[in-house]
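This report refers to the structure that appears directly beneath it.
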Amino acid sequence: MRTELCERLGIEHPIIGFTPSEHVAAAISKAGGLGVLGCVRFNDAAELDAVLDWMDANTGGKPYGVDIVMPAKIPTEGTQLDLDKLIPEEHKAFVERTLRELGVPELPGDTEERAGVLGWLHSVARSHVEVALKHPIKLIANALGSPPIDVIEQAHAHGVPVAALAGKAEHARRHVDNGVDFVVAQGYEAGGHTGEIASMVLLPEIADAVDVPVLAAGGIGSGRQMAAALALGASGVWMGSLWLATEEYLRTMPSSEAMQSALVAATSSDTVRTRIYTGKPARLLKTRWTEAWEAPGAPKPLPMPLQNLLVSHAHNRLHEANDPGLVSMPAGQIIGRVDRIRPVAEIMAELLAGYEEALERLEKTR
Ligand SMILES: Cc1cc2nc3c(=O)[nH]c(=O)nc-3n(C[C@H](O)[C@H](O)[C@H](O)COP(=O)(O)O)c2cc1C
């Protein structure tokens, strides 16, 4: 499987894998795709720097990229303390009551709590870019809009192309006007932040609207779906959810057994698009936690970045509870295909074999 993207990014197959795990990202790159490491979890740029050192030592010289989150449209600054003050008491009380009613235990006294995600503050995301550009990255991608034009120029000055996610053709056009090199067309089915248009409709719209390579994202988990994406006008695929169900993911996030059991058990109906994770619509695994926010009397989620700060302690408690029914995790509808936890290389091999089979089947229709 080869397209123009292979030349542009120096990869064997146009399969780009977004993941918050450096172990998964390295394995995707080593298998011939492009592993793209999500930076939003790094509140501290020095921690990201150390992880990218690890990537440099463990990708066997294969290309990799990073993903930052610089939302185009939210108030993006403030210290955690300032922001905490903006969270209404009613919301805090709801979260506490819900955790109690769901039977989620308190954290053991010696637990080191992860702070709420601050990676989408522009100051933090800019520190990610500074650090990442000191490493041999081959792509910077941005969720939630074009990155600011000076960040695009900074990447280009280092010879690094920029990609941005888009859920509408008009967003894709704006990205290209701003200087973005690749558009990731992300359909409604996708895990994480997502718009309202399904991949089948969105992808040809975006491919027709822009003259840069388009990557198909949202609902891709088989070679057949990759062939469909290329038929619809994509130059490659961008996948996220499938990589959560890998052995490598557990190496970065060792206590993710409950999340992985929930993924294996889930059908394609077991996700929900909701604002409770970050304040913007994102597709998550449907669990008793997401259902509690839909029950009568639940408050409306707060805007980004307050909602994630509101639920970050709850996320730590839900994580420690280690119960598949209480997981809070972005995941797309494609998880209906996940039936076991596998190494990344096995998934890549299956995708490529499935792509060949799909082409052979199509060839017979001529
Ligand atoms: C757990 C998880 C976290 C995600 N976080 C981000 C993120 O920080 N930045 C981003 O650009 N996309 C993020 N996404 C979206 C992915 O980049 C990708 O576009 C999406 O997963 C593709 O759809 P799929 O889930 O159907 O494969 C996330 C997806 C998942 C499943």
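For VAL129, work out the one condition from (1) assigned to a loop (DSSP other than H, G, I, E, B); (2) within 16 Å of the ligand (Cβ to nearest atom) it doesn't fulfil.
Result: VAL129 passes all but (1).
Conditions (1) surrounded by fewer than 17 Cβ atoms within 10 Å (Cβ to Cβ); (2) part of a loop (DSSP other than H, G, I, E, B); (3) at pLDDT 95 or above, marked per residue:
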| residue | (1), (2), (3) |
| --- | --- |
| THR278 | no, yes, no |
| THR290 | no, no, yes |
| LYS300 | yes, yes, yes |
| HIS319 | no, no, no |
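Based on what the data block shows, is GLY221 more than 17 Å from LEU5 (Cα to Cα) and near the ligand (Cβ under 9 Å from one of its atoms)? Give the steps one after another, and end with the answer.
Working: more than 17 Å from LEU5 (Cα to Cα): yes; near the ligand (Cβ under 9 Å from one of its atoms): yes.
Yes, satisfied.
Against the conditions (1) away from the ligand (no atom under 13 Å from the Cβ); (2) at pLDDT 95 or above; (3) over 30 Å from HIS156 (Cα atoms); (4) of a type outside the set (S, T, N, Q), where does PRO254 fall short? Just the number, please.
Every listed condition holds for PRO254 apart from (2).
Find all pairs meeting these conditions: Cβ atoms under 6 angstrom apart; at least six residues apart or on different chains; first residue within the stretch 135-158 and on the phi > 0 side of the Ramachandran plot; second residue surrounded by fewer than 22 Cβ atoms within 10 Å (Cβ to Cβ) and among the aliphatic types (A, V, I, L, M).
Short answer, once both residue conditions are applied: GLY145/ALA72.
Check HIS313 against each of (1) of a type outside the set (A, V, I, L, M, F, W, C); (2) at pLDDT 95 or above; (3) away from the ligand (no atom under 16 Å from the Cβ); (4) surrounded by 18 or more Cβ atoms within 10 Å (Cβ to Cβ) and name the one condition it does not meet.
Against the list (1) of a type outside the set (A, V, I, L, M, F, W, C); (2) at pLDDT 95 or above; (3) away from the ligand (no atom under 16 Å from the Cβ); (4) surrounded by 18 or more Cβ atoms within 10 Å (Cβ to Cβ), HIS313 comes up short only on (2).
Between a first residue in the stretch 1-29 that is under 18 Å from GLN186 (Cβ atoms) and a second residue that is among the hydroxyl-bearing types (Ser, Thr, Tyr) and more than 16 Å from the ligand (Cβ to nearest atom), which pairs have beta carbons less than 7 Å apart while being 6 or more apart in sequence or on different chains?
As it stands, the answer is PRO14/THR3, since those pairs meet every condition given.
Scan the stretch 9-49 for residues that are within 12 Å of the ligand (Cβ to nearest atom), closer than 15 Å to TRP243 by Cβ and β-branched (Val, Ile, Thr) and report the count.
Number of matching residues: 5.
The values are calculated or read from the model by the stated rules, or taken from the named source; none is laboratory data. If you're wondering where the values come from, they're calculated on a predicted model, not measured in any experiment. Glycine gets a Cβ as well: all are built from the backbone with ideal geometry, and neighbour counts include every protein chain shown.
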